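These notes are about the structure you will find just below.
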Amino acid sequence: MQLIVLSDIHGNLTALNAVLDNIHEHYEPDAIAILGDFIDYGMRSNEVIERVKAIQIPIVCNIWGNHERAIMLNDYTRFSSQRGVDSAKNTAKKLSDESKMYLSSLNGKDGQKQFTWNGLKFLAIHGSLEDAFWKSITPEGSHAGYEEYDYVLSGHSHLPHIFPVYYKSDNAALRNKKKTIFINPGSVGQPRNQNPKAQYAVIDTVKGIFLNSVEYDIALEQSFFDSSVDQFYKERLTLGV
């Protein structure tokens, strides 16, 4: 069985289409988990939402990121820069009623969702248990509180990772250790790991876990940018920073 994990599309329709094409070419997915931040920074948030709505793969998890929360609740106080505030307000102004209705319908508006897939227990969270919207999970950070899960899926940082954490457990057969696997798929639409390709993850119950990156037409997506947002968000796509 195969579970696709997507996060941080950020209004980049060209990248999303490339990822979905790659998935259909190389995998036969049973389900998909989406970890938030469909919108903002990029110029095509409405189009991204319409494309997500058209996905035929069963969606087991579809949660808000910090950008959905900020825009839907009209709360821009946590952004670290004025250009971020300006971009979010611009996206809010351009979001269609249909897009807002779709975002309002999601059942992960607190930035997280627990679910079971293939008999395994998952936590999907945009950020972390420290702050579901604004604080990332990292390999170096605290991993307290996740021991009940088999997998923890997170986004927000735009930096892909896979790592296990072994918790103390009363299980002699496993040498009193409980393993939780942490996965960040990276960002579909605004990578920040100096790899400009669109990124996503696959959990395959037979073959393992894969962090994939897909080429897409960056110049095409950049052509949709206008002067309504800081050009930083256009230019950073070239280098994946």
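Points to keep in mind about this one:
- Residue in the range 130-146 that is under 24 Å from Q2 (Cα atoms), crowded, with 17+ Cβ neighbours inside 10 Å and either out of contact with any Gly (no Cβ under 9 Å at 6 or more places or on another chain) or of a type in the set (G, A, S) (or both) present: yes
- Matching residues, the range 162-215, being of a type in the set (G, A, S), in contact (Cβ under 8 Å) with a residue 60 or more places away in the chain and on the phi < 0 side of the Ramachandran plot: S187, G189, A198, A201
- Flag if S128 is more than 12 Å from the chain's Cα centre (by Cα), polar (S, T, N, Q) and farther than 15 Å from D8 by Cβ: no
Each row is one residue, and each column tells you yes or no for (1) touching a strand residue (DSSP E or B) at 6+ places or on another chain (Cβ under 8 Å); (2) assigned to a strand (DSSP E or B); (3) within 30 Å of L239 (Cα to Cα).
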site: S87; (1), (2), (3): no, no, yes
site: Q114; (1), (2), (3): yes, yes, no
site: L123; (1), (2), (3): yes, yes, no
site: E140; (1), (2), (3): no, no, yes
site: Y146; (1), (2), (3): yes, no, no
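- Taking first residues from the range 216-234 that are over 11 Å from G11 (Cβ atoms) and partners that are β-branched (V, I, T) and surrounded by 12 or more Cβ atoms within 10 Å (Cβ to Cβ), the Cβ contacts under 7 Å between residues at least 6 apart in sequence or on separate chains come to Y216/T14; D217/T14; L220/T14.
- Qualifying residue in the range 93-114 (condition: of a type in the set (D, E), surrounded by fewer than 24 Cβ atoms within 10 Å (Cβ to Cβ) and touching a helix residue (DSSP H, G or I) at 6+ places or on another chain (Cβ under 7 Å)): no
- In this structure, A172 does not satisfy being within 19 Å of G65 (Cβ to Cβ) and either of a type in the set (G, A, S) or surrounded by fewer than 17 Cβ atoms within 10 Å (Cβ to Cβ) (or both).
- The listed residue being more than 22 Å from D217 (Cα to Cα) and out of contact with any helix residue (DSSP H, G or I) (no Cβ under 9 Å at 6 or more places or on another chain), out of D75, D86, D21: D86
- Filter result for V19 (crowded, with 16+ Cβ neighbours inside 10 Å, at pLDDT 95 or above, in contact with a strand residue (DSSP E or B) (Cβ under 6 Å, 6 or more places away or on another chain) and under 19 Å from P160 (Cα atoms)): yes
The values are calculated or read from the model by the stated rules, or taken from the named source; none is laboratory data. Remember, it's a predicted structure, so these values are computed and weren't measured experimentally. FYI the Cβ positions are ideal-geometry reconstructions off the backbone, even for glycines, and counts take in every protein chain you see.
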